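These notes are about the structure you will find just below.
The values are calculated or read from the model by the stated rules, or taken from the named source; none is laboratory data. Everything numeric in this text was worked out from a predicted model, so none of it was measured. So basically every Cβ, Gly included, is an ideal-geometry build from the backbone, and we count neighbours across all protein chains shown. All accessible areas refer to the heavy atoms of the entire protein, side chains included, with ligands and DNA or RNA removed. Shrake-Rupley method; radii C 1.70, N 1.55, O 1.52, S 1.80 Å.
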Amino acid sequence: DTAVSQTPKYLVTQMGNDKSIKCEQNLGHDTMYWYKQDSKKFLKIMFSYNNKELIINETVPNRFSPKSPDKAHLNLHINSLELGDSAVYFCASSQVSSGANVLTFGAGSRLTVL
Amino acid sequence: DQQVKQNSPSLSVQEGRISILNCDYTNSMFDYFLWYKKYPAEGPTFLISISSIKDKNEDGRFTVFLNKSAKHLSLHIVPSQPGDSAVYFCAASQNNNDMRFGAGTRLTVKP
């Protein structure tokens, strides 16, 4: 299956812990992203990588560190987790189609910080 | 600063009728607009897009209309089907960077 896959799908952890979410795409796309969907349901971009290079880094606490070992992978590591980090995190990759930059999303990883 | 807004959190229509989902934006530099559809426990999937140089794009039952002067776009689904029930996100980008999403509208199509 060609897709964007992210693991784990669910993650429940205590405040102060460090956790990682992994993402892989086999679509051959050059650009990958992390989006956060908060309790108000807005999808907000966190990071964008193009060919392993950081392109976009929105105002995200530096406890969040993306790592792209190759252009097919973009992992998200979060240090010292806080209650406000609870959200659904979506990984995506993109290609330009008829001029528009079309994102393909993973199924999401629901992070709950207790 | 929410540059893309979907002011209706939900919409309910009867099967076979038209569904109209609305979206407003504030950044006049956006050059592409997209609609995504999201089912529960899945990621959003791309539905249809429109360039800022056009005012209409059609794909089967889905048509997107763009009114640049009003900074408004809408997605029309006709005829609506129960399988169209999902959350629809409006999105916009400038120079294919930094895609901004609205908060979504939950569409329910009743049989």
Which of the strands (runs of 3 or more DSSP E) contained wholly in the stretch B:12-86 include at least 1 residues that are modelled with pLDDT of 95 or more and within 10 Å of the chain's Cα centre (by Cα)? B:19-25, B:32-38, B:45-51, B:62-67, B:72-77
Mind listing whichever residues of the stretch A:76-100 are within 14 Å of chain B (Cβ to nearest Cβ), over 17 Å from the mean Cα position of the chain (by Cα) and either among the basic types (K, R) or open to solvent by 10 Å² or more (accessible area, probe 1.4 Å) (or both)? A:V96, A:S97, A:S98, A:G99
Kindly provide the set of residues from the stretch B:87-98 that are in a strand (DSSP E or B) and open to solvent by 40 Å² or more (accessible area, probe 1.4 Å), ordered by number. B:Q94, B:N97
Could you grab the pairs with beta carbons closer than 8 Å, sequence gap of 6+ or different chains, first residue in the stretch A:1-30 and within 14 Å of chain B (Cβ to nearest Cβ), second one among the basic types (K, R) and open to solvent by less than 60 Å² (accessible area, probe 1.4 Å)? none
Here is a list of conditions, (1) surrounded by 14 or more Cβ atoms within 10 Å (Cβ to Cβ); (2) on the phi > 0 side of the Ramachandran plot; (3) more than 11 Å from chain A (Cβ to nearest Cβ), and B:G104 meets all of them except one; can you say which number that is? (3)
The number of residues in the stretch A:10-27 that are over 17 Å from A:L83 (Cβ atoms), open to solvent by 80 Å² or more (accessible area, probe 1.4 Å) and part of a loop (DSSP other than H, G, I, E, B) is 1
Mind checking which residues of the stretch A:101-114 are within 14 Å of chain B (Cβ to nearest Cβ) and farther than 16 Å from A:K9 by Cα? A:N101, A:V102, A:L103, A:T104
Hey, does the stretch A:49-65 have a residue that's surrounded by fewer than 18 Cβ atoms within 10 Å (Cβ to Cβ) and in contact (Cβ under 8 Å) with a residue 40 or more places away in the chain? no
Filtering the stretch A:92-113 down to residues that are free of Cβ contacts under 8 Å to residues at least 40 places away in the same chain and not in a strand (DSSP E or B) yields A:S98, A:G99
